[in-house]
Amino acid sequence: MAKVIAVTNQKGGVGKTTTAINLAASLAANEMRVLLVDMDPQGNATTGLGIAKGSGLPTTYDALVGETPINHIVQQTQCDGLSVVASDRNLVAANLELVEIDNRESRLRSKLDTVKESYDFILIDCPPALDLLTLNALVAADSVLIPIQCEFFALEGVSQLIDTVERVKEAFGHNLSIEGVLLTMYDDRTTLTKQVANDLKDFFQDDVFQTVIPRSIRLAEAPSHGKPILVYDPRSKGAESYIRLAKEILTHEQAARQSTQSAG
């Protein structure tokens, strides 16, 4: 049964899609069966995995607004064990069209429930906004991974996201947890980066991942080649960091399962 993780931060440019792509690829490299669902109308996770947009194939839009089963939309990527549900600009219309649909906030959850047995992890790349698409992702998810860039305004808007998570938990009786806060574009040569990292650790405490993602030209280049960093430059610091992040998540997941089993 897949664990569903929404990768989200309504602030753009924080490494959200980079994290979704490369964490998905790193989990797959650890012999996990992984599905990445692109919920961003920009479709950057789709092209970042080498999937051509506008191919005429059904996308996330067809699953959310139409009746297309999600397993009819899944496409294989160049990474063994990693599949993707592609997005394109049609998804912009879903925010308006979903308003008229029953159970509009849980459309994605009901679709993903039909394929959970086929995967170990399902990652959802959310749009940089707290809209109906993101709400669908949060309702479908078991946990939320929040990438935060180590810059002066890092905490701006995050409190709003945490508030939204709490509202989803209350409104839907949904046990949504924080998977972790990921420090991205980390440059340990600057005092500001260290100061912001300390502030974030004070604010989120144990929810901050030990792994940090460095500022990296190779990481920035990889999506334009339609490749995760593990394929584009497997020896780079960026690739090493995402492998460490995957192992950290797998270790947490194993510990949580053991704790549940011993409690039961």
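Values computed for the structure shown
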{"read-out": "Fully extended contour minus Cα-Cα distance, from residue 99 to residue 244, at 0.36 nm per residue", "value": "48.2 nm"}
{"read-out": "Evaluated over the chain, the Cα radius of gyration and Dmax, each in Å", "value": "17.4, 52"}
{"read-out": "Residue 251 paired with residue 80, simple spin-label distance in nm, labels 7 Å along Cα-to-beta-carbon", "value": "2.5 nm"}
{"read-out": "CD proxy at 222 nm, helix term only [per DSSP H run n ≥ 4: -39500 (n - 2.57); per residue of the chain; nearest 500]", "value": "-12500 deg cm²/dmol"}
{"read-out": "Summed residue charge, Cβ within 11 Å of residue 21's Cβ, Lys/Arg positive, Asp/Glu negative", "value": "0"}
{"read-out": "Peptide ranges 168-175, 194-201, 79-86 listed from the most packed, as the mean C-beta count within 10 angstrom indicates", "value": "79-86, 194-201, 168-175"}
{"read-out": "Distant-in-sequence amide H partners of residue 3 (H built 1.01 Å from N, under 5 Å)", "value": "121, 122"}
{"read-out": "Sites residue 1 and residue 220, calculated FRET efficiency, Cβ-Cβ separation with R0 35 Å, nearest 0.05", "value": "0.50"}
{"read-out": "Cα centre as origin, Lys/Arg/Asp/Glu Cβ charges: the chain dipole, Debye", "value": "600 debye"}
{"read-out": "Inter-site label distance for residue 259 and residue 199 at 7 Å from Cα along Cβ, in nm", "value": "2.9 nm"}
{"read-out": "Long-range HN-HN contacts of residue 178 with modeled amide H, under 5 Å", "value": "144"}
{"read-out": "Peptide ranges 140-148, 5-13 listed from the most packed, as the mean C-beta count within 10 angstrom indicates", "value": "140-148, 5-13"}
{"read-out": "Solvent exposure of segment 184-264 as accessible area per residue, Å², 1.4 Å probe", "value": "64 Å²"}
{"read-out": "Filter on 53/247; 11/111; 116/169; 53/169 - keep pairs with C-alpha separation over 29 Å", "value": "53/247; 53/169"}
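The values are calculated or read from the model by the stated rules, or taken from the named source; none is laboratory data. What you see is a predicted model; the values in this text were computed from it and never measured. Here the Cβ is made from the backbone with ideal geometry for all residues, glycine too, and neighbour counts use every protein chain on show. Accessible surface areas use protein heavy atoms only, side chains included; no ligands, DNA or RNA. Shrake-Rupley method; radii C 1.70, N 1.55, O 1.52, S 1.80 Å.
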